[in-house]
1. Looking only at segment 78-134, which residues are more than 20 Å from VAL167 (Cα to Cα), at pLDDT below 70 and not small (Gly, Ala, Ser)?
2. Would you mind telling me which numbered condition in (1) under 21 Å from PHE58 (Cα atoms); (2) touching an Asp or Glu at 6+ places or on another chain (Cβ under 9 Å); (3) among the aliphatic types (A, V, I, L, M) ILE137 fails?
3. Determine the pairs where a residue that is in contact (Cβ under 8 Å) with a residue 24 or more places away in the chain and surrounded by fewer than 20 Cβ atoms within 10 Å (Cβ to Cβ), located within segment 105-120, has a partner that is among the polar types (S, T, N, Q) and part of a strand (DSSP E or B) with Cβ atoms under 9 Å apart, the partner being 6 or more residues away or on another chain.
4. I need the full set of residues from segment 118-127 which are part of a strand (DSSP E or B) and more than 11 Å from THR84 (Cβ to Cβ), in order please.
5. If I filter segment 166-190 down to residues being in contact with a Gly (Cβ under 8 Å, 6 or more places away or on another chain) and not in a strand (DSSP E or B), which single residue comes out as surrounded by the most Cβ atoms within 10 Å (Cβ to Cβ)?
6. Would you point out the residue of segment 136-151, among those that are surrounded by 21 or more Cβ atoms within 10 Å (Cβ to Cβ) and more than 29 Å from GLU93 (Cα to Cα), that is modelled with the lowest pLDDT?
Amino acid sequence: MKKKILLIVGFLCIVAVANVYAIGVGVQGNLNIFTSMVHGSDDGEGGTTFAPGFSLLFSPNHKFHVAGSWLRDNTAKQHVVGLTFDFVPMNLELFPRKKVLVKVRPDPFSIFFNVGLGVYTNTFFGNPDSDVPIQKITGGLRVPLGLSFFIDEKIEIFTHVAPSFGVDFQPEFTFSDPFFPVALGLRFWF
């Protein structure tokens, strides 16, 4: 009986929070810009690699963002699966049309500049020249800087770059080279 009551109370709390905060769901295309040493190429060449990918993302409100991503790194012949958690406390409307103390939803055709702090983890799979299925696991901090354009109060087009700095946990514990994921996406707010 106590479990049923707890489940009902938990469900009601989720519904209440969902009614107070907007929930965003969307997709984004990723373009990671980094040196070849970051993605496991052992040719010793520095170089910059562009690795396209995509993400599914969930935003329980305008301040927290979670994204899961996949990309194919053709240079190192790997697949990379990543997960990011971002906290975006600064969401500044660039050209406000009216002064309001608290906005629940943005006005149509509003543009926002946002800055945040987040964490990431990436797992590199599948180099066919190796017997090890997981080539590398990395994690660290990121600083997302972005622009958001609201077509209306429920449809957002956004872009961001997130300078990222971290460590490799596998195959050995070392500092990772910094990299700069760039994203362009579409999010729907409910």
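1. Scanning segment 78-134 gives LYS99, VAL100, LEU101, VAL102, LYS103, VAL104, ARG105, ASN127, PRO128, ASP129, ASP131.
2. (1)
3. Cβ pairs passing all conditions: ILE111/SER148; PHE113/ASN91; PHE113/SER148; VAL115/ASN91; VAL119/THR84.
4. THR123, PHE124, PHE125
5. SER176
6. The residue in question is LYS136.
The values are calculated or read from the model by the stated rules, or taken from the named source; none is laboratory data. As the structure is a computational prediction, the values presented were derived from the model and not from experiment. When we count neighbours, we look across all protein chains shown, and the Cβ atoms used for this are built from the backbone with ideal geometry, even at glycine.
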